[in-house]
Amino acid sequence: MLLDVQNLSANLEDGKQILNDLSIQIGSGETHVLMGPNGAGKSSLGNTLMGNPTYKVSGGKIIFKDQDITEESTDKRAKAGMFMSFQAPLEVPGISLETFIRSAIQQKTGEHVKLFQFQKELKACMELLNMNPDYAKRDLNVGFSGGERKKSEILQLLMLKPDFAILDETDSGLDVDAVRVVSKGIEEYQKRVGGSLLIITHNAKILESLKVDKTHILVKGHIVHTGDGSLVEKINNEGFEQYIK
């Protein structure tokens, strides 16, 4: 078991409860999908797992690699092998995409990154994602289109090679071709790293090339139903109404 979330409850800083007695277990190499109506708490779960200080754990535990990380800071969780891509990646002026990724790898591994080998791998990953190589020298996400920002997130995923990745609606706002490229990058991550995934999505397209082990339905901060990969298509056809009731 890579991730074991036990009866997790969490509040926002104003005291509003956003997760309610939530439990989920994700094994090594597994792909789990998290779905639910708007406002169900899907992004809140991702942020809580990553240790975003805006979200305060009020009960339960988060066990990662057999270690209790419930109170650990975000940077320690990242160094332990956790990763999260965001719905709306922020601009970071003053630091290039290349420098950002290289620095993140050094922080994660604690080792010096050899420049030639790093740049060779970065170029290969950017080609896989159909990214213009000039973007490596540009400030992180500054002036990037929505699609390029999402590709930048997947590029970081491929380069950092985390054991567990949370992808929060990485496909939102993308056209069909961009979704296909992002899906290819996620598939490549699985092949190279064999890591586990928690994919938050409303779009089955991004899942077409992936083997989904489990699908979870989240309503009002609580997982109300779990099924296999076929549940994704059922939700797309029938909606969430039966689970909300």
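The values are calculated or read from the model by the stated rules, or taken from the named source; none is laboratory data. Source: prediction; values computed, not measured. Quick reminder, even Gly has a Cβ in these numbers, built from the backbone with ideal geometry, and neighbours come from all protein chains shown. Areas reflect the complete protein model, heavy atoms only, side chains present, ligands, DNA and RNA absent. Shrake-Rupley method; radii C 1.70, N 1.55, O 1.52, S 1.80 Å.
Summary of computed values
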item	result
Tally of residues being under 19 Å from Glu188 (Cβ atoms) and either in contact with a Leu (Cβ under 7 Å, 6 or more places away or on another chain) or exposed (fewer than 12 other Cβ atoms within 10 Å of the Cβ) (or both) across region 134-152	6
Residue match in region 90-110 (condition: open to solvent by less than 20 Å² (accessible area, probe 1.4 Å), of a type in the set (A, V, I, L, M), without any contact (Cβ under 8 Å) to a residue 40 or more places away in the chain and out of contact with any Asp or Glu (no Cβ under 6 Å at 6 or more places or on another chain))	no
Pair list, Cβ < 7 Å and 6+ apart or interchain, from region 112-129 residues that are closer than 20 Å to Val181 by Cα and open to solvent by 100 Å² or more (accessible area, probe 1.4 Å) to residues that are at pLDDT below 95 and assigned to a helix (DSSP H, G or I)	Lys123/Pro133
Residue match in region 177-196 (condition: over 16 Å from the mean Cα position of the chain (by Cα), over 21 Å from Leu8 (Cβ atoms) and of a type in the set (A, V, I, L, M, F, W, C))	yes
Condition check for Asp171: of a type outside the set (Val, Ile, Thr), part of a helix (DSSP H, G or I) and at pLDDT below 90	no
Which listed residue, of Lys184, Lys211, Lys205, Lys234, is among the basic types (Lys, Arg) and either part of a loop (DSSP other than H, G, I, E, B) or within 22 Å of Ser44 (Cβ to Cβ) (or both)	Lys211
Test: Gly46 is within 14 Å of Phe164 (Cβ to Cβ) and modelled with pLDDT of 95 or more	yes
Cross-chain or 6+ apart pairs with Cβ under 6 Å, region 34-49 first and within 17 Å of Gly60 (Cα to Cα), then open to solvent by 10 Å² or more (accessible area, probe 1.4 Å) and among the hydroxyl-bearing types (Ser, Thr, Tyr)	Asn47/Tyr55; Thr48/Tyr55
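Yes or no, residue by residue, for (1) surrounded by 14 or more Cβ atoms within 10 Å (Cβ to Cβ); (2) farther than 24 Å from Phe240 by Cβ:
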| position | (1), (2) |
| --- | --- |
| Met1 | no, yes |
| Asn7 | no, no |
| Glu13 | no, yes |
| Lys16 | no, no |
| Ile24 | yes, no |
| Ser28 | no, yes |
| Gly36 | yes, no |
| Ala40 | yes, no |
